[in-house]
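Structure, as structure tokens:
The values are calculated or read from the model by the stated rules, or taken from the named source; none is laboratory data. Please read these numbers as outputs of a predicted model, since none were measured by experiment. We place every Cβ from the backbone using ideal geometry, glycine too, and count neighbours over all the protein chains shown. For the accessible areas, the whole protein counts, side chains as well, though only heavy atoms, and no ligand, DNA or RNA atoms are used. Shrake-Rupley method; radii C 1.70, N 1.55, O 1.52, S 1.80 Å.
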Amino acid sequence: MSTPDATHDPALRSWVASANDAATDFPIQNLPFGVFAHDANDAGRIGVAIGDRVVSLRALHAEGWLSGDGEVAGRHCAGSDLNGLLALGPRYWRALRTQLSELLRDGSTAARTPGLADRIMVNAAEVSMRLPAAIGDYTDFYASIQHATNVGAMFRPDNPLLPNYKWVPIGYHGRASSIVPSGTAVRRPSGQTKPADAATPVVGPTKALDYEAEIGLFVGPGSALGDPVAIGDAESHLFGVCLLNDWSARDVQTWEYQPLGPFLSKSFATTISPWVVTLDALIPFRVPPSDRPPGDPRPLPYLTPPPGAAAGGIDLSIEVTLRSALMRDRGNPAVRLSRSNARDLYWTPAQLVTHHTSNGCNLRPGDLLASGTISGPTRDAVGSLLELTRRGAEPLALPTGETRGFLEDGDEVVMRGTCERQGAMRIGFGECAGRIAPAHGGGTGR
Ligand code: CA
């Protein structure tokens, strides 16, 4: 399926009143999946967000509301991560989505069933969100040509893009164990750096802590070791999308990244938004990938979508805001740093999957593929402080009179994602938020 169906009808309303609020990220057309918990001892259970409430799929299944493929999908939601559901594949996800949409819409039998809402739903404000899946492997790509150009220009002003960029989706294997859900404090890492004016490297808290605005793609059914995934099948291996902040220590990165790429400069924390918006929910917001400029090579055949393939890009706007500790103390609202869009990526999600498996590398349910920093063509559309402040040389002014080249302790970075289009209901991703905690040993990084 690549065309909207009844679950996307913008006229649909839910008997969950908050889902009909024009400002909600989670109208009935969205239905994102996540894992929620009541307290620290709760292993967590699978939920679907609707307005300001969360439907427990375990409870819904136990009540006997699901049938056929939807029942199979519901049965695979009994655990505390999405991996079982992810392994099933699009046919089952779609059946579950269709049945959830029918149950939650105005006038349904479920709406008229006394006490049902209390048995299957909790208030989102009363639960905390966990990671949605057990993430076995995490890969971070570099799919934004604007980001690659901006960063490359700092090192090679005359030749910012390396010769491989337009041919091969660049990526590196990231660290899965340090992926955390939104709201988790991020401790300022210490590391080895080599100040330009020093003869030898030093060790200490990073002085150049940054964020990177990205999207994450959750792998659904895996692929067998040795078997490449054809570009035409690639999206059937993807379940959905979250927001992702690839926290980065730029001074550590500069010193360590050659010759094998980033290592400790990025493995200390990666924050993701806890709700996974399914590819099915995103159908109204799919767009052709951004045009390659004249003269750019066509993708090689294995990365070329088959004739008539569905639109490979996603029109997903990402906003990044910053609020310092002093801004919170003074009641200043967060300031917006940037707004960029995943539709500007040079490589599509399908191309990332196909390239990743082209050597026979296997993917497994719950693996996470990140896009790389998403930057657009304008100064207000760059997804990192590295680009926004030109490596700290042009600091930002905050309303308190503070300035920022890179992040300070107490700063909170929040990313929000939105899909909006004429003729479709606006859907959102919730927050991907993290606040910087001081380095161990009380260092401030300055
Ligand atoms: Ca990154």
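Every residue in region 166-192 that is within 22 Å of ARG391 (Cβ to Cβ) and either within 16 Å of the ligand (Cβ to nearest atom) or open to solvent by 20 Å² or more (accessible area, probe 1.4 Å) (or both), please.
Within region 166-192, ILE170, TYR172, VAL186, PRO189, SER190, GLN192 qualify.
Sort out which residues of region 325-365 are in a loop (DSSP other than H, G, I, E, B) and either aromatic (Phe, Trp, Tyr) or within 29 Å of GLU420 (Cβ to Cβ) (or both), and write them in order of number. If you could, list the steps in order and put the result at the bottom.
Step one: of region 325-365, the residues in a loop (DSSP other than H, G, I, E, B) are 331-334, 345-348, 358-365.
ASN332, PRO333, ALA334, LEU345, TYR346, TRP347, THR348, listed by residue number.
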Just checking, does region 235-251 include any residue being within 22 Å of GLU387 (Cα to Cα), more than 15 Å from the ligand (Cβ to nearest atom), touching a residue at least 24 places away in the same chain (Cβ under 8 Å) and crowded, with 19+ Cβ neighbours inside 10 Å? yes
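Matching residues to (1) out of contact with any Phe, Trp or Tyr (no Cβ under 7 Å at 6 or more places or on another chain); (2) of a type in the set (D, E, K, R); (3) under 24 Å from LEU368 (Cβ atoms):
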| position | (1), (2), (3) |
| --- | --- |
| PRO10 | yes, no, no |
| ARG13 | yes, yes, no |
| ALA17 | yes, no, no |
| ARG45 | no, yes, yes |
| GLY51 | no, no, no |
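Could you list, in sequence order, the residues of region 255-268 that are open to solvent by 60 Å² or more (accessible area, probe 1.4 Å) and either farther than 20 Å from ARG187 by Cα or away from the ligand (no atom under 16 Å from the Cβ) (or both)?
Matches in region 255-268: TRP255, TYR257, GLN258, PRO259, LEU260.
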Within region 434-446, restricting to residues that are out of contact with any Asp or Glu (no Cβ under 6 Å at 6 or more places or on another chain) and crowded, with 20+ Cβ neighbours inside 10 Å, the one that is nearest to VAL202 (Cα to Cα) is GLY445
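A quick yes/no check of all residues on (1) among the polar types (S, T, N, Q); (2) surrounded by 24 or more Cβ atoms within 10 Å (Cβ to Cβ):
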| residue | (1), (2) |
| --- | --- |
| LEU352 | no, yes |
| ASN362 | yes, no |
| ALA370 | no, yes |
| GLY376 | no, no |
| SER384 | yes, yes |
| PRO395 | no, no |
| GLY401 | no, no |
Output the residues belonging to region 194-216 that are in a strand (DSSP E or B) and either surrounded by fewer than 24 Cβ atoms within 10 Å (Cβ to Cβ) or not β-branched (Val, Ile, Thr) (or both). VAL202, VAL203, GLY204, PRO205, LEU209, ASP210, ALA213, GLU214, GLY216
Whether any residue in region 306-320 is polar (S, T, N, Q) and within 22 Å of CYS432 (Cβ to Cβ) is what I want to check. yes
Checking the structure you have, find out if any residue of region 347-370 is without any contact (Cβ under 8 Å) to a residue 40 or more places away in the chain and under 22 Å from SER265 (Cβ atoms). no
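Per-residue answers, yes or no, for (1) open to solvent by 30 Å² or more (accessible area, probe 1.4 Å); (2) within 15 Å of the ligand (Cβ to nearest atom); (3) among the basic types (Lys, Arg); (4) touching a His at 6+ places or on another chain (Cβ under 8 Å):
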{"position": "ILE120", "(1), (2), (3), (4)": "no, no, no, no"}
{"position": "ALA124", "(1), (2), (3), (4)": "yes, no, no, no"}
{"position": "MET129", "(1), (2), (3), (4)": "yes, no, no, no"}
{"position": "TYR138", "(1), (2), (3), (4)": "no, yes, no, yes"}
{"position": "PHE141", "(1), (2), (3), (4)": "no, yes, no, no"}
{"position": "ILE145", "(1), (2), (3), (4)": "no, yes, no, no"}
{"position": "VAL151", "(1), (2), (3), (4)": "no, yes, no, no"}
Is there a residue in region 379-391 that is at pLDDT 95 or above, in contact with a strand residue (DSSP E or B) (Cβ under 7 Å, 6 or more places away or on another chain), more than 16 Å from the ligand (Cβ to nearest atom) and not in a helix (DSSP H, G or I)? yes
For region 296-314, give me the residue count where each residue is closer than 23 Å to ALA370 by Cβ and open to solvent by less than 40 Å² (accessible area, probe 1.4 Å). 6
Screening THR7, THR3 for residues that are farther than 22 Å from SER273 by Cα, open to solvent by 50 Å² or more (accessible area, probe 1.4 Å) and either in a loop (DSSP other than H, G, I, E, B) or at pLDDT 95 or above (or both) leaves only THR3
Which numbered condition in (1) in contact with a Lys or Arg (Cβ under 9 Å, 6 or more places away or on another chain); (2) closer than 29 Å to ALA134 by Cβ; (3) part of a helix (DSSP H, G or I) is the only one that THR254 fails? (2)
Collect the residues in region 34-63 that are in a strand (DSSP E or B) and either out of contact with any Pro (no Cβ under 9 Å at 6 or more places or on another chain) or open to solvent by 70 Å² or more (accessible area, probe 1.4 Å) (or both), keeping them in residue-number order. ALA37, ARG45, GLY47, ARG53, VAL54, VAL55, SER56
With the first residue restricted to region 60-81 and required to be closer than 21 Å to GLY44 by Cβ, and the second required to be assigned to a loop (DSSP other than H, G, I, E, B), Cβ contacts under 6 Å at 6 or more apart or on different chains are GLY74/LEU66; SER80/ALA43; SER80/GLY44; ASP81/ALA133; ASP81/ALA134
Please determine, by comparing only the residues of region 320-341 that are of a type in the set (A, V, I, L, M) and open to solvent by 10 Å² or more (accessible area, probe 1.4 Å), which one is nearest to the chain's Cα centre (by Cα). LEU337
